[in-house]
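Okay, so here's the structure we're looking at.
The values are calculated or read from the model by the stated rules, or taken from the named source; none is laboratory data. Note that the structure is a prediction, hence the values are computed from the model and not measured. Cβ: placed from backbone, ideal geometry, glycine included. Neighbour counts: every protein chain shown.
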Amino acid sequence: MPENVFGMGLASPGDPGKLDKVAYLTGPGGGVRLTFPGIDRNMTQAPQEWKDAVALAYERDLIPVIRLGPPWGDRRVRNQSDDAAHLEYGQLAAAYAAVVSSLPLRDGWPVYIEVHNEPNLCYEWACDPGDGNDGWMGYEQIASEYAHMLEDVAAALHGLGDPRIRVVNGGLAPGGAVSCECGGEGFTPGITSAEFIAAMKAAVPAFPSFLDAWASHPYPAEGLGWGFFVSYEAPDWKGETGLRYYEHELSALGTDLPVIVTETGWTIDPGKGGPGDRNKVAVWMKNAYENVFLQDDRIVTVLPFLLQDPNWDDFAWVDGAGNPYPVYTTVRDFRCQVAMPPC
């Protein structure tokens, strides 16, 4: 496989058209984040759509990074546990192993399994009414439950004995919730993912050793967990604090795992802090690769959010008809310029 940190994220399993665009952007050895929603503890193999997506990625010399998680409409992962305390996930872990073992892997090429997504956000680790303390659940409890789930899933996946299968955490949101309302939309903000990592370590001290790489969401920001989507150009380079956020997480972990950036990038939406200008986003993203992502050999691949989706067009790199936005063209030209790999 060529040495290549360029990649792209999809919000779906993927299809030939989208994967062709990823392959043209990244070149051989590029990464692609495939999103597979719908796993539950009763599954015994992957749906055909998932198998096809993995085969299509490998056919294009892409490395799949699979976000494997619950159905879009039900984020109550804790209800998939084997016990009332939500600390044992053996049956769900067995389903993960069954699904992954049924995928058409490629000889000599890895597949990275990202176990869920942003569990430090209330809507990603939801609780039912009446759960928790007075109908609320604190981040320490959520972190403990997720750490135990990650422990069981990692053990099941590594237990397959296939060195191609590599386990990563669900990337954490840089800013998370202190507590979450069960059965509602209320939440109390106030922590970063570092406190969530500390709570995971308190519950399962060895959890970093279960991972083959660390998944991170270093969105550009001027602060740790706040001030997102600011400029990243001279003279202030405001966004660098957020772009290097994975370093903050590695410090909390206490270990230098390889890093997979499973989400990053800019929105153009001024209401969210973006510049309202796709040309500026193109320049800033090139700068992020040049000044941050290509300068750190711990980074395995960078998978920006996202290639194409009508619900997230302010982040997208191509429009609904498949035409490239400036960020796509600029980053591809830069990738060719630095010959990773040659065009």
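A few remarks follow.
- Residue-level check: of (1) closer than 27 Å to Pro189 by Cα; (2) part of a loop (DSSP other than H, G, I, E, B), Glu247 misses just (2).
- Search result, residues across the range 248-284 that are charged (D, E, K, R), surrounded by 13 or more Cβ atoms within 10 Å (Cβ to Cβ), free of Cβ contacts under 8 Å to residues at least 60 places away in the same chain and under 13 Å from Phe228 (Cβ atoms): Asp269
- Qualifying residue in the range 140-148 (condition: surrounded by fewer than 20 Cβ atoms within 10 Å (Cβ to Cβ) and touching a strand residue (DSSP E or B) at 6+ places or on another chain (Cβ under 9 Å)): no
- Against the test of being polar (S, T, N, Q) and within 24 Å of Tyr219 (Cα to Cα), the options Ser179, Ser144 yield a single qualifying residue, Ser179.
- Answer from Asp74, Asp82 - the residue that is in a loop (DSSP other than H, G, I, E, B) and either at pLDDT 95 or above or among the small types (Gly, Ala, Ser) (or both): Asp82
- Any hit, the range 48-65, residues being touching a residue at least 40 places away in the same chain (Cβ under 8 Å) and closer than 18 Å to Leu150 by Cα: yes
- The range 313-334, subset in a helix (DSSP H, G or I), more than 22 Å from the chain's Cα centre (by Cα) and not hydrophobic (A, V, I, L, M, F, W, C), residue farthest from Thr267 (Cα to Cα): Asp333
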